[in-house]
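Visitor: Take a look at this one; I'll ask things after.
The values are calculated or read from the model by the stated rules, or taken from the named source; none is laboratory data. Treat the numbers as computed from the prediction; the structure is a model and nothing was measured. Positions of Cβ are generated from backbone atoms using ideal geometry, with glycine treated the same way; all protein chains shown enter the neighbour counts. These accessible areas exclude ligands, DNA and RNA; they are computed on the full protein's heavy atoms, side chains included. Shrake-Rupley method; radii C 1.70, N 1.55, O 1.52, S 1.80 Å.
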Amino acid sequence: MTGKVWLVGAGPGDPGLMTVKGLNCLREAQAVVFDRLVNPLLLQEAPAGCELHDVGKEANRHPIPQPQINQILIDCARRGLRVVRLKGGDPFVFGRGSEEVQALRECGIECEVVPGITSAIGGLAAAGIPVTHRDFASSFHVMTGHLQDGKEPQDWGKLAVLPGTLVILMGMSHIQSICAALIGAGKAADTPAAVVMHASTPKQKVLCAPLSALAQESEAAGFHAPALIVIGSVVSLREILAFSGSA
């Protein structure tokens with residue numbers, strides 16, 4: 001009998017932010033295939049004897065290529081196992097979850113997606129930064145700063161004129177060029193901006209600066225991936241909305 005795969009979003013980092021349904025899936029799993037950004041504490045929720053497959057990736061370093069990850073999921077399911085594909089944030093927000101669902105469906109394997117709290121919202125909230133506010137931003141836009149090899153770079157000129165809040169994931173390796181491109185396309189140099197590193201975890205650090213100084217100051221402070229970049233007037237609310245633990 002063929003098993004089933006659940007693609008589960010683990011949330012932005014704090015294990016307490018995982019959904020109840022996701023946690024229930026994890027506690028009943030016979031195999032867990034997990035990413036680098038998954039909090040290790042969550043793996044302790046897997047039952048004794050559960051197979052654990054570490055398929056974590058880093059920028060420009062993919063020791064286990066995506067086709068091989070797909071095959072691990074397929075092989076585990078074909079052995080009749082209940083498989084949890086545990087992914088940081090939400091499986092369908094730059095998590096390649098849709099590609100994995102496609103691969104599973106092509107093999108006739110049943111699968112289900114259990115959404116998670118994306119870092120683009122939950123990670124910023126943990127830093128005291130809302131993505132919207134009636135007085136500052138009525139929309140927000142989430143984008144990646146790291147595109148697939150061979151694809152054209154983001155059109156920062158078009159993104160610079162979007163109203164509301166810009167949230168950039170996986171952008172730290174290009175933060176200098178991103179900020180320069182946005183300013184060059186007309187984004188005000190004094191636009192409030194921030195970098196949130198290790199969002200929602202005990203290691204969280206937040207740096208706020210004008211857009212023109214964000215890259216230089218974050219580099220000087222040693223900020224690196226995993227981190228979020230947020231640009232917009234809502235960043236100015238952090239002084240009011242930040243809470244204990246959101247340093």
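Visitor: If you restrict to DSSP beta bridges whose two residues both lie in segment 14-163, what percentage is antiparallel, to the nearest 5?
Guide: Counting DSSP beta bridges with both partners in segment 14-163, the antiparallel share is about 20 percent.
Visitor: I want the local charge near A125. Using Cβ-Cβ distances under 15 Å, sum +1 for each Lys or Arg and -1 for each Asp or Glu among the other residues.
Guide: Overall, the nearby charge balance is -1.
Visitor: Using a 1.4 Å probe on the protein heavy atoms, what percent of the accessible area of the chain belongs to carbon and sulfur?
Guide: 53 percent
Visitor: With bins 5 Å wide starting at 0, give me the P(r) of the chain over every alpha carbon pair, in whole percents.
Guide: 1, 6, 14, 17, 17, 15, 11, 9, 6, 3, 1, 0, 0
Visitor: If you don't mind, another one. Could you provide, to the nearest whole Å², the per residue accessible area of the chain with probe 1.4 Å?
Guide: Accessible area per residue: 50 Å².
Visitor: Could you give me the percent of Cα pairs per 5 Å distance bin for segment 85-198, shortest bin first, beginning at zero and ending with the bin that holds the maximum distance?
Guide: 2, 9, 17, 20, 19, 14, 9, 6, 3, 1, 0
Visitor: If you don't mind, there's one more thing I want to ask. Run the simple label-point estimate for E110 and R134 please: 7 Å along Cα→C-beta, distance reported in nm.
Guide: 4.7 nm
Visitor: List the residues, sorted by chain then number, that are 5 or more residues from V33 or on another chain and whose placed amide H is less than 5 Å from its amide H.
Guide: H53, V84, R85, L86
Visitor: Measuring from label point to label point, each 7 Å out along Cα→Cβ, what is the E99 to T2 span in nm?
Guide: 2.2 nm
Visitor: Also, quick follow-up: Per-residue HN-Hα couplings for segment 135-140, Karplus 6.51 cos²θ - 1.76 cosθ + 1.60 at θ = phi - 60°, whole Hz, x for Gly and Pro?
Guide: 8, 10, 7, 9, 8, 9
Visitor: Give me the distance between the Cα centres of segment 116-175 and segment 76-115, rounded to whole Å.
Guide: Here the two parts' Cα centres lie 25 Å apart.
Visitor: If you add up the charges near G164, with Lys and Arg at +1 and Asp and Glu at -1, over every other residue whose beta carbon is less than 15 angstrom from its beta carbon, what do you get?
Guide: Values: positive: R134, K158, K187; negative: D135.
Combined, the nearby Lys, Arg, Asp and Glu give +2.
Visitor: Give the calculated FRET efficiency between S173 and R79 to the nearest 0.05, with a Förster radius of 25 Å applied to their Cβ-Cβ distance.
Guide: Computed FRET efficiency for S173 and R79: 0.10.
Visitor: Here's another thing I want to ask about it. Need one word for segment 1-141: rounded, prolate or oblate. Basis is the Cα gyration tensor (sqrt eigenvalues a ≥ b ≥ c); a/c below 1.5 gives rounded, then a/b vs b/c decides. Write down the numbers at each step before the final one.
Guide: Working: a/c = 2.00, a/b = 1.73, b/c = 1.16.
Prolate is the answer for segment 1-141, as a/c is 1.5 or above and a/b outweighs b/c.
Visitor: Right, something else. What's the tally of Lys pairs in the chain whose alpha-carbon atoms lie under 30 angstrom apart, where the two lysines are 8 or more places apart or on different chains?
Guide: 19
Visitor: Also: Given the rule -39500 (n - 2.57) for each run of at least 4 DSSP H residues, summed and divided by the residues of the chain, what is its mean residue ellipticity at 222 nm, to the nearest 500 deg cm²/dmol?
Guide: The helix contribution divided over the chain gives -8000 deg cm²/dmol.
Visitor: Looking at V101, A180, V195, which one has the Cα that reaches farthest to the positive end of the dipole of the chain (charges on Cβ: Lys, Arg +1; Asp, Glu -1)?
Guide: V101
Visitor: May I pose another question? Quote the relative contact order of the chain in percent (integer), defining contacts as alpha-carbon pairs under 8 Å separated by 6+ residues.
Guide: About 20 percent, as a whole number.
Visitor: Counting Lys and Arg as +1 and Asp and Glu as -1, what is the net charge of the other residues whose Cβ lies under 13 Å from the Cβ of V8?
Guide: Charge balance in the 13 Å sphere: 0.
Visitor: Ok, one more. Using modelled amide H (1.01 Å from N, peptide plane; none on Pro or chain starts), what sits under 5 Å from the amide H of V113, excluding residues fewer than 5 places away?
Guide: L7
Visitor: Something else: Work out how much length A213 to F243 would gain on full extension: take 0.36 nm times their residue separation and subtract the Cα-Cα distance, in nm to one decimal.
Guide: Here the answer is 8.3 nm.
Visitor: How large is ³J(HN,Hα), in whole Hz, for each residue of segment 119-125 in order, when computed from phi with the Karplus curve 6.51 cos²θ - 1.76 cosθ + 1.60 and θ = phi - 60°, using x for Gly and Pro?
Guide: Values, residue by residue: 4, 4, 10, x, x, 6, 4 Hz.
Visitor: Which of the three applies to segment 168-247, rounded, prolate or oblate, going by the alpha-carbon gyration tensor with a ≥ b ≥ c and a/c under 1.5 meaning rounded?
Guide: Verdict is oblate for segment 168-247.
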